Amino acid sequence: MKKILKHELYRGIFCYRTLLILAIGLLLVAGQLAAYYQVHLMNLKQDSQWILSDGSYAIGCYPDNMYESFLGGEGYTFFGELFYSFLPIMAVFSYGTSYFKDKRDGYANLLITRIGKNNYFVSKLIASFLLGGTFCVIPYFVSLFASSLLYPANYPNVMSWDSPLIERSLMSGVYYVHPMIYMLAYSVIVFLVGGILALCALIASVYAKNEMVVIFCPYVLYALQEAVFMKMGLSKWALKILVFQAKYSGAIIDVSYIQVLAYLIFILTIEGGIFLWKTMKIEITSLS
């Protein structure tokens with residue numbers, strides 16, 4: 001089991017699609033960094049009249065900080081919206097179609113014959129989840145690190161218009177007291193959502209006859225869920241809104257971090273159960 005899992009992870013990490021998707025993610029990070037720096041310069045120009053002779057800021061004037069200037073912490077530029085809209089593709093493009101290609105090429109039959117059906121499908125499930133979450137969270141951390149090189153690690157100020165979280169927002173108490181812990185905790189949400197999207201593609205691979213269907217199925221469901229949940233007044237449970245709190249903090253209110261984790265893990269459990277239930281009933285000869 002460990003050997004085949006390592007093999008699947010290796011396949012997902014060392015391929016041209018991984019390099020391509022990471023390059024796109026880094027381009028989004030660079031674009032956001034440059035775009036927000038223009039916002040920062042505008043803020044400096046507006047705030048110059050409030051900077052005192054000793055270089056400190058007057059009361060009521062707050063400088064930019066790293067926590068509200070990176071890809072997942074600001075809503076001023078369109079790069080954050082672009083990144084979180086692109087998240088399903090990032091979660092799926094590299095490894096999400098591997099099971100579909102294994103079936104198409106007959107590679108799945110070969111592996112199952114050698115290692116058994118249980119080992120193959122469980123390793124495929126775990127690898128899809130881990131790689132999908134990882135490819136989504138890497139740009140998040142790279143952007144946060146890049147922001148820390150340009151802006152100070154000042155605590156977010158609840159009185160500042162730049163602060164995205166209101167009193168009832170998810171983890172607002174942690175955000176204004178321990179912002180780095182908040183970032184780490186929220187990266188777990190990003191990771192889990194990436195895993196959910198990757199498993200969505202894995203399930204689609206069981207039914208789909210075309211690779212493009214597998215790639216875009218998570219994107220369609222991601223966007224459709226947002227629209228339906230907003231219409232039903234359940235917007236705080238939509239994956240896109242949940243994962244991009246910097247922009248939609250007003251919608252994610254009166255919910256605890258534990259509840260969010262339980263919700264995401266529940267979805268993962270359902271997805272994993274569906275995939276294993278469907279694949280364990282498949283005859284080997286029907287895969288090719």
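The values are calculated or read from the model by the stated rules, or taken from the named source; none is laboratory data. Not measured: the values here are computed from a predicted model. Please note: Cβ atoms are built from the backbone with ideal geometry, for glycine as well, and neighbour counts cover all protein chains shown. Protein only, heavy atoms only, side chains kept; ligands, DNA and RNA dropped before computing areas. Shrake-Rupley method; radii C 1.70, N 1.55, O 1.52, S 1.80 Å.
Please report the base-10 log of the normalised intensity I(q)/I(0) for region 147-223, using a Debye sum with one equal scatterer per alpha carbon and no solvent, at each q in 0.13, 0.16, 0.23 (1/Å).
The computed values of log10 I(q)/I(0) come out as -0.61, -0.73, -1.00.
I'd like the Kirkwood hydrodynamic radius of the chain, using the inverse of the mean 1/r over distinct C-alpha pairs, in Å.
One over the average 1/r among Cα pairs gives 20.4 Å for the chain.
Skip the ligands, DNA and RNA, and give the accessible area per residue of the chain with a 1.4 Å probe, whole Å².
Averaged over the residues of the chain, the accessible area is 49 Å².
Might you report the magnitude of the Cβ-based charge dipole of region 149-286 about its Cα centre, with Lys and Arg at +1 and Asp and Glu at -1, to the nearest 20 debye?
Using Cβ point charges on Lys, Arg, Asp and Glu, region 149-286 gives about 220 debye.
Per residue of the chain, what 222 nm ellipticity follows from adding -39500 (n - 2.57) for every DSSP H run with n ≥ 4, rounded to the nearest 500?
Calculated mean residue ellipticity at 222 nm is -22500 deg cm²/dmol.
With springs connecting C-alpha atoms under 10 Å apart, model the chain as a Gaussian network and identify which of 225, 259, 245 has the largest mean-square fluctuation.
Per the Cα network of the chain with a 10 Å cutoff, 259 tops the list.
Determine which lysines satisfy two conditions relative to residue 124: a Cα distance under 28 Å, and not lying fewer than 8 residues away in the same chain.
Those lysines meeting the cut-off are 2, 3, 6, 101, 103, 209, 240, 278, 281.
Treat every Asp and Glu Cβ in the chain as -1 and every Lys and Arg Cβ as +1, leave all other atoms uncharged, and give the resulting dipole magnitude about the Cα centre to the nearest 20 debye.
Charge dipole of the chain: 1500 debye, to the nearest 20.
Do any trypsin sites (Lys or Arg not before Pro) in region 114-222 lie in a loop, going by DSSP, with at most 11 other beta-carbon atoms within 10 Å of their beta carbon, and if so which?
Passing both the DSSP loop test and the Cβ count: 209.
Once you sort the root eigenvalues of the Cα gyration tensor of region 156-278 as a ≥ b ≥ c, which label holds: rounded (a/c under 1.5), prolate (a/b larger than b/c) or oblate (the other case)?
prolate
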